[in-house]
Amino acid sequence: MATVSIVIPCYNEEDNIIQIKEAICETLSGMALDLEFIFVDDGSKDKTWEVLSHLSLADSRVKGLKLSRNFGHQSAILAGLHHARGDCVISMDCDLQHPPSVLPEFINKFNFLSDYKIAKNAGDFRLLDRRVLDKILQFHETDLFLRGIVNWMGFNVAHVPYNQPPRLHGDTKYRLGKMLGLALNGIVSFTSRPLYIAFVTGGIFIIFSLIYIIFIIARWLMGFKIILGWTSIIVLILLSTGFQLLNLGVIGVYLASLYKETKSRPRFIIWDSVGLNNENKK
Ligand code: UDP
Ligand code: MG
């Protein structure tokens, strides 16, 4: 019987945990599967951990990891992936926005295609085959951008379309700042192009400046007066300062990312756990 691990990151999700577990059990009840739930409490401030501990005592398939603080959605998923022991692992949100009703289709594709993983691009709702998972666990980037890495690895992907309902309980945990952070991380960890753009725009600026200087000298040689307007000077100064700061900023963002990676701190710290057996702790 295949074991399916389900990794669910939870940040202040006390009201959703029981319901998502029940919804998953219900949709998968007809399939002969060994289920393993790995809920990761990402530094919640509500009763998430209490709910998880109780649930784990009542149902041995439920395992809980408590991170020492809020490490963010991607790190929470990663912590769960590291402890999954299934033949495949599904990651999904706790708020039922990733509908459990899609799971049978995920799992059927997995069985049918065996070494295929199923990914849905719109978020972190995906099934990974054990072979793919083991490869992902070998990446040691601090800011691992799971959505990008999965595509980068180049394994076969199958897509399962679904409609996203509104969140069940509570508010979104992705405020604008976190979302922008994730977007920036997605860019910086997957392309160095902005650095080249900075380089190219700098170059273009220099070429235009040179042309302008030659133009002024030529006019001077032809006997024209060369007192040019104050406004044009100010505009040029403002523009070029802006470009310089922008490009410095681009370099800064990459430098910060490089700095973070060289420190190679652990990506999450597990403070407590419930229901884990030795196999999970490998
Ligand atoms: N989440 C998390 N850590 C965070 C933010 C979010 O573990 O710092 C979890 C959250 O509990 C949920 C999932 O990530 O299970 C997606 O978050 P949310 O539903 O708030 O994001 P949205 O659907 O609004 O983009
Ligand atoms: Mg959500």
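Tabulated results
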read-out	value
Matching option when the condition is within 13 Å of ligand 1 (Cβ to nearest atom), modelled with pLDDT of 95 or more and either under 20 Å from Arg267 (Cβ atoms) or aromatic (Phe, Trp, Tyr) (or both), among Leu52, Leu67	Leu67
Residues that are in contact with a helix residue (DSSP H, G or I) (Cβ under 8 Å, 6 or more places away or on another chain), outside any helix (DSSP H, G or I) and either away from ligand 2 (no atom under 16 Å from the Cβ) or not charged (D, E, K, R) (or both), drawn from region 6-22	Ile6, Val7, Ile8, Pro9, Cys10, Tyr11, Asn12
Number of the condition not met by Gly86 [criteria: (1) within 16 Å of ligand 1 (Cβ to nearest atom); (2) in contact with a helix residue (DSSP H, G or I) (Cβ under 9 Å, 6 or more places away or on another chain)]	(1)
Region 34-77 - residue that is β-branched (Val, Ile, Thr) and touching a Pro at 6+ places or on another chain (Cβ under 8 Å) and, of those, surrounded by the most Cβ atoms within 10 Å (Cβ to Cβ)	Val40
Unmet criterion (only one of (1) in a helix (DSSP H, G or I); (2) exposed (fewer than 11 other Cβ atoms within 10 Å of the Cβ)) for Leu239	(2)
Residue match in region 179-194 (condition: within 16 Å of ligand 2 (Cβ to nearest atom) and loosely packed, with under 14 Cβ neighbours inside 10 Å)	yes
Residue match in region 130-150 (condition: within 16 Å of ligand 1 (Cβ to nearest atom), within 23 Å of Glu13 (Cα to Cα) and in a helix (DSSP H, G or I))	yes
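Let's see how each residue does on (1) at pLDDT 85 or above; (2) surrounded by 11 or more Cβ atoms within 10 Å (Cβ to Cβ); (3) of a type outside the set (Phe, Trp, Tyr):
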{"position": "Ile211", "(1), (2), (3)": "yes, no, yes"}
{"position": "Ile216", "(1), (2), (3)": "no, yes, yes"}
{"position": "Leu221", "(1), (2), (3)": "yes, no, yes"}
{"position": "Ser232", "(1), (2), (3)": "no, no, yes"}
{"position": "Asn247", "(1), (2), (3)": "yes, yes, yes"}
{"position": "Val250", "(1), (2), (3)": "yes, yes, yes"}
{"position": "Ser257", "(1), (2), (3)": "yes, yes, yes"}
{"position": "Arg265", "(1), (2), (3)": "yes, no, yes"}
{"position": "Ile270", "(1), (2), (3)": "yes, yes, yes"}
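The values are calculated or read from the model by the stated rules, or taken from the named source; none is laboratory data. None of these values were measured; they are calculated from a predicted model. As a convention, Cβ positions derive from the backbone with ideal geometry for all residues, glycine included, and neighbour counts pool all protein chains shown.
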